[in-house]
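Working notes, beginning with the structure itself.
Derivation of every value follows stated rules applied to the coordinates shown; laboratory data play no part. Model, not experiment: these values are computed from the prediction. Here the Cβ positions follow ideal geometry from the backbone for every residue, glycine too, while neighbour counts run over all protein chains shown.
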Amino acid sequence: MSLPPGFLDELRTRTTLSHVVGRKVTWDQRKSNQAKGDLWAPCPFHQEKSASFHVDDRKGYYYCFGCHAKGDAISFLKEAENMSFMEAVETLAREAGMPIPAADPKAAARADRRTELAGVMEEAVRHYRLQLKTGAAAAAREYLAGRKLTEAARDRFEIGFAPEGWQGLWDHLWGKGIAEDLILDAGLAKPSTKGKAPYDVFRNRIMFPIRDVRGRCIAFGGRAMDPGNSAKYLNSPETELFDKGRNLYNIGPAREAAGKGQPLLVAEGYMDVIALAMAGFEAAVAPLGTAVTEEQLRLIWKLHPEPLIMLDGDTAGIRAATRLVDLALPMLEAGKALRFVILPEGMDPDDLIRARGRAAMEEAIAGAVPMVSLLWRRETDGRIFDSPERKAALDKALREAIRRIADPSIRAHYGEEVNRLRRALFDPVPPAGAPRAPYGRGGRAPKRGVAPGLPILPLPATRSSFLAAAQGVDAEEYLREAMILAIAIRHPDCAQKFESALERLDLRGAGHARLRDALLSALHGKTAVAEHLGTVAGPELEKLMTLAHVRIAPPVRTGADPEFVSLCLAEELAKLEARRGAEAEIAEAEEDLGGLVDEGLTWRLSQAAEARHRAARSKLEDNSDMGEDRDALSAELQRLIDTAAWEKKKP
């Protein structure tokens, strides 16, 4: 079956390769960087233990450094699931929501036609570039010099000039033997309504070639030299080559730069992109004369999971940003986000770089804000919430916006952040220096010998306790994480049995993830575990082993019975998993209630969860006391080990 031109390109754009491959492999979390679309796994095509199979989500290709298998999503399905080419295409199209076009016997002819049109466009690029060097382009060159565009920049972006006159390009292409219908279909000329020869679309304009991801010139953007021209910027009409809602200016070089780790910047126009690129921010793109479309947003996320949207700091810039927020909310997924760079009022990226240099742009990028901040700003800027009705209206608007988010996890986090901002707006913290209440919290009198209103400093023993070490993490979770790590570090042989569980463990305590990674690395190295950890994570190791609760724990002591150590480690893993499972249930309950919940409901949910935890602990203490019934505990924990109860089962 012959597919129409561009269908496979669109299919690959809409398909995330890691989602397709992820059904067949287990990613190596130590080597993979999911945020950058850089993932590694053991190869599904040959037997191996090491992770030599590489997936690059940005480029949409995979490669195995062992067996040298390579390809895209289509070839992966053909090889991994023994599909034919069309079966693989139909599977991916169904998942992407794209209908398969009916068989078209003229598809090959249209593909040839597109190739011919691309050739015509390249001839136009050469013509316009030569015209920029003529005397007729003196004003254009002066304008570009005033915008600080060097000759090197003009050559890099192939900037040209379309002189005044109705048929300059037409006569040139006609003289090259190019057919009239090709010139018209390329969008370079329009037919005359007065019976004369067709006339050029672009006249007296600085010309910017627009290339697709393959590097083919598909259109032009023209900047008028006449200040009285009603259309300051003019793009090519849509043609067989050009769909302005599905392309981006500078997409090819930007994709390459983003793949090398540069942040992806989305600016408004051609000059902004050129200024950013010449200042060293080479991963810069721009929509083509319109607001960002849904297809362009998908394309942007294909280039980078968290692009930075450059905004003018005026009202129009903020208004454009909020329109993009509305577009993006239903499309958000874990690992796909937007951040916004708000520039000084009245300045675009080109203005900022020319006036203040690269350092000012770096500072602006460093101050990028998440999308939730723009959503909050839109609903609160310039408004006063001095009545219950106005507060309720704000809650309703925010709730309706958050409900548009399809991903339940992201929806929950948006609800949490909006609730935090709401509390800060309606219940602000008293400013520094404000008079304090004569007594402590709740109106209770202070302890004897303590002056009212003065803070009580913690004792040295308190500062060194695990409660202080937790640094905002739930103290019980912090201690369980610490116990798991301490047992594994003291007993490397036991740690190897639980290596898979340790690798997948979500560690939230400060320094815990670094310790875990160093331990896993040491288990397969030649250096002793203690020596390796001391070198790689010395401060974290010292902090862990000095915790009183860890230091006195029986399974941490050297020489402990290996079976006893394994049982204790399994118990800690199981308890941590059970606790976090309860947290997930609470979060899901909040999601079901729409993201924005009142504090009373949140308190009741937390109390219910705590009651559940107390009941579980009481039951475990009644039935499995370590001192009185060792056999019962051993049997129960052995069951946990056999069933891998700490692992999260797939539904």
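Structural remarks
- Stretching the chain fully between residue 326 and residue 184 yields a gain of 47.4 nm (0.36 nm per residue, less the alpha carbon separation).
- FRET efficiency estimate (nearest 0.05) - Cβ-Cβ, residue 333 to residue 174, R0 56 angstrom: 0.65
- Rounded to two decimals, the Cα-based Rg/Rh of the range 7-96, with Kirkwood Rh, is 0.95.
- The distance between label points at residue 75 and residue 389 comes to 6.6 nm (points 7 Å beyond Cα on the Cα→Cβ vector).
- Residue exposure sequence - 265, 324 - by fewest surrounding Cβ within 10 Å: 324, 265
- Among the lysines of the range 7-96, pairs at least eight places apart or on separate chains and with Cα atoms under 23 Å apart come to 14.
- Rounded to 0.05, the FRET efficiency of the residue 29 and residue 256 pair, given R0 = 25 Å and the Cβ-Cβ distance, is 0.40.
- In plain terms, the chain from residue 229 to residue 147 could stretch by 27.5 nm, reckoned as 0.36 nm per residue minus the Cα-Cα distance.
- Label-to-label distance for residue 423 and residue 524 is 4.3 nm, based on points extended 7 Å past Cα in the beta-carbon direction.
- Two-site FRET efficiency, residue 91 against residue 59, from Cβ-Cβ distance with R₀ of 30 Å, rounded to 0.05: 0.90
- Where the Cα pairs of the range 107-242 fall when distances are cut into 10 Å bins, in %: 12, 44, 34, 10, 1
- Calculated translational diffusion coefficient of the range 267-361 (4 °C, 1.567 mPa s; Stokes-Einstein with Kirkwood radius over alpha-carbon pairs) equals 94 µm²/s.
- Taking 0.36 nm per residue of separation and subtracting the Cα-Cα distance, full extension of the segment from residue 369 to residue 356 would add 2.6 nm.
- Lys, Arg +1 and Asp, Glu -1 on Cβ, resulting dipole of the range 264-380 about Cα centre, debye, nearest 20: 200 debye
- Assigned charges on the beta-carbon of Lys, Arg, Asp, Glu; the range 7-96 dipole about Cα centre (debye): 320 debye
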